[in-house]
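Student: Sending over a structure as structure tokens; questions will come in a sec.
Read-outs throughout are calculated quantities, based only on the coordinates presented, and are distinct from any laboratory measurement. If you're wondering where the values come from, they're calculated on a predicted model, not measured in any experiment. Quick reminder, even Gly has a Cβ in these numbers, built from the backbone with ideal geometry, and neighbours come from all protein chains shown.
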Amino acid sequence: MATNPRSYNEYTVGWVCALPKEQTAARAMLDEIHPDLPKPATDENTYTLGSIRNHNVVIACLPKHAVGTSAAARVATQMFNIFPIKIGLMVGIGGGIPPKVRLGDVVVSTEWIQWDFGKVVENGKFQRTGKRNNLSTALLTAISKLETQHEMYGTKILQYLDDLGKKYPNLAPKYTSANSLQDPLGYIQNSEKKTGDVCVHYGLIASGNQVIKNAEFRDELNRDLGGDILCFEMEAAGLTSFPYIVIRGICDYADSQKNDDWQKYAAAVAAAYAKELLESIQPIEIDRERPVKDLLGQVFGEISTIRHRLDRDEDLKVLDWLTPIDYGPQHSDFLSRRQPGSGQWVLDSTEYQTWVNASKQILFCPGIPGAGKTIITSTVTDHLITQFSNDLTVGIAFIYCNFKRKTEQNLDSLLASLLKQLAQSQNFLPENVKKLYDQHSAKRTRPSLDDIVATLKSVASLYSRVFIIVDALDECQASDNCRAKLLTKLFQLYAKCGTNIFATSRFIPEITDRFRDSMRLEILAHDDDVRSYLDGQISQSEKAILLKHREDITTRITEGVRGMFLLAQLHFESIRHKNSLKKIKNALNTLPTGDTAYDGAYENAMKRIDDHDSESRSQAHQVLSWIACAKRPLTTSELQHALAVEVGEPNFDEDNLSEIKDIISLCAGLVTVDEESNIIRLIHYTTQEYFQRTWEKWFPNAHTNITERCVTYLLYDCFKAGVSPTDEDFEAKLQASALYDYAARNWGHHARRSSVEKGLVLDLLKNETAVLASIQAMLVRRDYSGYSQRFPNQMTGVHLAAYFGLQKSMGVMLDEGVDIEAKDGYGRTPLWLAAELGHEEVARLLVDKGADLEAKGGYGRRTPLLAAAEQGHEGVARLLVDRGADLEAEGGYGRRTPLLAAAELGHEGVARLLVDKGADLEAKSGYGRTPLLMAVDQGREGVVRLLVDKGADLEAEGGYGQTPLWLAAEMGHEGVVRLLVDGGADLEAKNADGDTPLLVTAWQGHEGVVRLLVDRGADLEAKAKNGDTPLLAAVERGHEGVVRLLVDKGVSSSQT
């Protein structure tokens, strides 16, 4: 029954739930339901307001997929900040300790302990924090009173369940009776209590951030904690200092037999006890209590004492495992280049203020090249970090895209970095992150993209607000649709988690189109900012002639740059060393302007370099060629070593090293050093673009020179001595030989483009010990003890030539009779490596020499064709198929055929080739999935369209009776669903539980898919084996949009 709205000040009881089914039970126990009240924009909670007898109650539920102590703390803190709550209830389900506690019982906390928090003491023993009891006087008195009443008269729990069933008939089957439920341990429920009663236990509850589902671990924990534990759960410890009581209905035994059967009934008995407890408390008793809000200062004081977060080695190890990339040093470098006060106009703008003060906002800031977008990004990031430094409920993560880091900035790494930053800002490492690590670390595998995204969403949901900042989207690689996919995932975070997104980019249509409906603020260098920069540079120069003519220089350059901050920097560099007014005026009068201003400025800079003496000019060209053509950013020490290499010498001479400041001074302002990361780089993306277009003009022999120096380095005597036998020795060699890592990993890429692919290169390939030393640095991953010995130590020069695709060198070696079937330590032949890495011409040479097309290698013993199919190398795949490779050879993850692999990974060209050549459309993987099911699972629309057009079975079932349409509906791949429905897939195909595609997609909340299936005639009332309908599923999961859609389409709301 709805009533007139109350005011905020009238609500004094806070009721927190972790799951939607617990919230359903709580709401059903209310005597009255009150109208909603308006909330502050910063409050992410959704409240149910109502009353039980004379108490006004606020119910809040944790966000979907959010579990654990941190999530509970955030929900409660926001509730307590808005309402004058005086007592709190944490009500829901938990795992009981048999035999004293049984399914359907209720456990009430008189004290609790966090079982996964404490410290390591002597002898390595883990000592947990002490037991806590924060119950208010009102709650302690009420518990004593109620316990006595239960002993004398029994509980009212079953009476309240009966009332619930009459009031909400749709809830009755699952929430009001346990008669049809079985106890997996065979206990007879409540055998020690009189018939019709519910057993209530009072005592110790153990809380933690991990689900316990192992009986031995459960019993061991209980023994460690004195044998007094009644129940395990996951939220109580989040409410450390609040006056609250934990009430748990027992739904399982915290063992491997966990299932959902008892959960709704357990949620209902817990809610019923909570109602009975509130009815035993007089309003005047609650009035005497202090509002919880008054205690928040104390709470945050406690939190601050543990904010030396993640200082434990294991947590840092997990975070570094996610990704070793740290954008903090880059951010610090960019921020240090900002002139005081510059960019303030962005922070003061209406657009930015709207974005920062409201949730679920996107602010897109495009700008022309060199407008200062990155400095603005660092300004925004710094502002957010400063503003929310003391707010643990706000998460901030940022990415600086860089054209030189395309290899490391793939989609998985970018999203993993966001996950890492949000995870490390938590008081404790989130449980889902630990779980991800545990699943993969022992096997040395990496999580899938879906795993990363799911964990990212889970961690984001732990915050009340999340800000994600992405700079230079235009520098994010477009290959493999990385940039498009990154934007898709960011927009999903925005839609699902209410994330605020700030992004910058140049004006590239495929990027700007994605933000067409977003708030926009164009970045241009404001004149005041440009003048401030120039004024600072002139002052720092201390040159009398520049100081004397400061105003004229500042004005002329500012007028000419037209919003391009970088151009001001280049123009000033062109006059910095002028020693007469006439030369300054001539330079100012010839400053490049217009669309070709940057090219003109770079041309001028190169001309100034060419005016150097021959030695300085040569070294400047060497510096620029290395930085512009290197495969990744170089550190200063790497570049110093590269420049000091003397081709033909057997050892490195440190006396040949140049000072980094001298190196920079030769380059006419085109080179800078990021002090925090020690990376030496070109000053801007446009500088790199200029040299990508003109490198053959300025340094045509760049790749030849780099190859010669890298190979010479790898042929030094210290590397000819062979591999390092220990991690310590290997680390010492890396430290002493700064170019070792870069040379080993990249020399072959430069050699492919050089004129020295034979000669010096063959000297390296034929030196067995030098080859192994280079392979050690090239292939090891520095993430576990003993890592330096984990590489294919039987790899030879012919393997290395295949790995890098060195066609000329391979030809020479084949003519000399090298063993083409030699296998490295991972069982890979040269043909296998060439196939996996897509080196078609090298593969052709090997096949022409009779290389075994079916030689299996790598993990899962895969053939060359399967390796090529997995990587999407269509040319190599065609070569192998035309030469007779087996189309159905199985191997690798899940015993896939080449077509299964191409379908799962979305390589449409390879899949088409294989199908056209006769590959089996219905071949099944080791997990029972066809190519169509594999493509559907990953949302590969192009491959799905191909397979449907070629006649793949639309009703082929995978595991658990899932058809392609069912699986696409579950995953929310709307485009794939449309293709399958258009192809004639059965709309009512059910899985083993009797769930239709419409029911499962309603459960998952995929509104677009629900609409599509409904419009195509899916049965709105189809029931699963457990009686659920699409509407009931959507209601239980809290998907309001889906519920509204189904009701609008004619489903009766009486179901709920």
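Student: In deg cm²/dmol and to the nearest 500, what is the mean residue ellipticity at 222 nm of the chain if only DSSP H runs of at least 4 residues count, each as -39500 (n - 2.57), divided by the residue total?
Tutor: Rounded to the nearest 500, the figure is -14000 deg cm²/dmol.
Student: Quick one: order Phe334, Phe804 by neighbouring beta-carbon count within 10 Å, fewest to most.
Tutor: Phe334, Phe804
Student: Whole number please: convex hull volume per residue of the Cα set in segment 596-693, in Å³?
Tutor: With only Cα atoms used, segment 596-693 gives 113 Å³ per residue.
Student: Using amide H atoms built in the peptide plane, which far-off residues or other-chain residues are under 5 Å from Arg861 H to H?
Tutor: Gly892
Student: Next question, about the same structure. Any chance you could get the radius of gyration and Dmax over the Cα atoms of segment 883-1022, in Å?
Tutor: Cα radius of gyration and Dmax of segment 883-1022 are 14.9, 55 Å respectively.
Student: Something else: Cβ under 13 Å from Gly759's Cβ, Gly759 left aside: what net charge do those residues give with Lys, Arg +1 and Asp, Glu -1?
Tutor: 0
Student: Can I ask one more? Of the lysine pairs in segment 547-647, how many meet both conditions: Cα atoms under 24 Å apart, and a spacing of 8 or more in sequence or different chains? Could the numbers behind the result be given before it?
Tutor: Values: Lys548/Lys578; Lys548/Lys582; Lys548/Lys583; Lys548/Lys585; Lys578/Lys607; Lys582/Lys607; Lys583/Lys607; Lys585/Lys607.
Taking segment 547-647 as the scope, the lysine pair count is 8.
Student: Which of the residue pairs Lys420/Lys457; Lys950/Lys990; Lys317/Lys434 have a Cα-Cα distance greater than 18 Å in the structure shown? Numbers along the way, then the final one.
Tutor: Numbers: Lys420/Lys457 12 Å; Lys950/Lys990 25 Å; Lys317/Lys434 10 Å.
From Lys420/Lys457; Lys950/Lys990; Lys317/Lys434, over 18 Å: Lys950/Lys990.
Student: Something else now. Net charge around Arg53, counting only other residues with Cβ within less than 9 Å of its Cβ (Lys, Arg = +1; Asp, Glu = -1)? Display every interim value, and only then the final one.
Tutor: Values: positive: Lys275; negative: Asp31, Glu279.
Around Arg53, the charge tally is -1.
Student: Next question, about the same structure. May I have the convex hull volume per residue, in Å³, for the Cα set of segment 987-1055?
Tutor: Each residue corresponds to 70 Å³ of Cα convex hull volume.
Student: How many angstrom separate the Cα center of segment 923-971 from the Cα center of segment 371-389?
Tutor: Cα centres, segment 923-971 to segment 371-389: 45 Å.
Student: Hey, another quick one. Using alpha carbons only, how many degrees (0 to 90, rounded to 10) separate the axis of helix 527-541 from the longest principal axis of the chain?
Tutor: With both axes taken from Cα atoms, the answer is about 50 degrees.
Student: Taking the beta-carbon count within 10 Å as an exposure proxy, list Met152, Met795, Met234 from fewest neighbours to most.
Tutor: Arranged by neighbour count, lowest to highest, Met152, Met795, Met234 become Met152, Met234, Met795.
Student: Order 744-750, 983-989 from most to least packed using the mean count of other Cβ atoms within 10 Å.
Tutor: 744-750, 983-989
Student: While we're here: Any idea which of Met152, Ala822, Ala952 is furthest toward the positive side of the dipole for the chain, if Lys and Arg beta-carbons carry +1 and Asp and Glu beta-carbons -1?
Tutor: It is Met152, whose Cα lies furthest towards the positive end.
Student: Using 5 Å bins from zero, what percent of all Cα-Cα pairs in segment 853-953 falls into each bin?
Tutor: Reading upward from the zero bin: 2, 16, 28, 27, 18, 6, 1.
Student: If you restrict to DSSP beta bridges whose two residues both lie in the chain, what percentage is antiparallel, to the nearest 5?
Tutor: In the chain, approximately 35 percent of DSSP beta bridges are antiparallel ones.
Student: Farthest toward the dipole's positive end in the chain, which of Gly165, His331, Val910, given Cβ charges of +1 (Lys, Arg) and -1 (Asp, Glu) about the Cα centre?
Tutor: Gly165
Student: OK, next. Report the Rg/Rh value for segment 528-591, based on alpha-carbon coordinates and the Kirkwood definition of Rh.
Tutor: Rounded to two decimals, Rg/Rh equals 0.91.
Student: A follow-up question, please. Order of 967-974, 553-560, 271-278 by packing, highest average Cβ count within 10 Å first?
Tutor: In decreasing order of mean packing, 967-974, 553-560, 271-278 become 271-278, 967-974, 553-560.
Student: Same structure, new question: Express in whole angstrom the spacing between the alpha-carbon centres of segment 982-1045 and segment 614-628.
Tutor: 65
Student: Using the alpha-carbon centroid of each, what span in Å lies between segment 411-446 and segment 738-789?
Tutor: 31
Student: I've got another one for you. Can you tell me the convex hull volume per residue for segment 941-985, based on C-alpha atoms, in Å³ to the nearest whole number?
Tutor: Details: hull volume 2.8 nm³, N = 45.
Spread over its residues, the Cα hull of segment 941-985 gives 62 Å³ apiece.
Student: Would you please calculate the Kirkwood hydrodynamic radius of the chain over all C-alpha pairs and express it in Å, rounded to one decimal?
Tutor: One over the average 1/r among Cα pairs gives 33.0 Å for the chain.
Student: How are the Cα pair distances of segment 657-759 distributed, in percent, across 10 Å bins from 0?
Tutor: Taking every Cα pair in segment 657-759, the percentages come to 12, 33, 38, 15, 2.
Student: Please rank Thr769, Thr77, Thr593, fewest neighbouring Cβ atoms within 10 Å first, as an exposure proxy.
Tutor: Least to most surrounded, the residues fall as Thr769, Thr593, Thr77.
Student: Can you give the Rg to Rh ratio of segment 353-520, both from alpha-carbon atoms, with Rh computed by the Kirkwood formula? Don't skip to the end; give the middle numbers.
Tutor: Working: Rg = 15.7 Å, Rh = 16.4 Å.
Rg/Rh: 0.95.
Student: Please express the shape of segment 781-929 as an equivalent ellipsoid: the semi-axes are the square roots of 5 times the eigenvalues of the C-alpha gyration tensor, given largest first in whole angstrom.
Tutor: For segment 781-929, the ellipsoid semi-axes come out as 26, 20, 12 Å.
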